[in-house]
Amino acid sequence: MDADAESRLTELETRLAHHERMAEEMSAVLFEQGRTIDLMTAQMRRLRDRVAELESGVPRAPQDEPPPPHY
């Protein structure tokens, strides 16, 4: 193999190794983001349930009621 071809092959192997490392890092980041999204979704669901629970036991203020139909 001539020097030019060997140099090009080495460059390609170096680039491939770099891209493989980047792909692994991105995969780890995406996995962590997925876990974070799952946790936040569960927290939102619990908060929504808690707010609904609190609202069901609290009488509404008169200003929150819609006006009567004759207005």
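The values are calculated or read from the model by the stated rules, or taken from the named source; none is laboratory data. Every value quoted in this text rests on a predicted model; they were computed, and no experiment measured them. Because the Cβ atoms are built from the backbone with ideal geometry, glycine has one as well, and the counts that use them run over all protein chains shown. With ligands, DNA and RNA removed, areas are computed over all heavy atoms of the protein, side chains included. Shrake-Rupley method; radii C 1.70, N 1.55, O 1.52, S 1.80 Å.
Residues in segment 56-70: is at least one without any contact (Cβ under 8 Å) to a residue 40 or more places away in the chain, of a type in the set (Asp, Glu) and open to solvent by 100 Å² or more (accessible area, probe 1.4 Å)?
No, every residue in segment 56-70 fails to be without any contact (Cβ under 8 Å) to a residue 40 or more places away in the chain, of a type in the set (Asp, Glu) and open to solvent by 100 Å² or more (accessible area, probe 1.4 Å).
Exactly one of (1) among the hydrophobic types (A, V, I, L, M, F, W, C); (2) open to solvent by less than 100 Å² (accessible area, probe 1.4 Å); (3) at pLDDT below 95 is unmet by residue 9. Its number?
Result: residue 9 fails condition (3) only.
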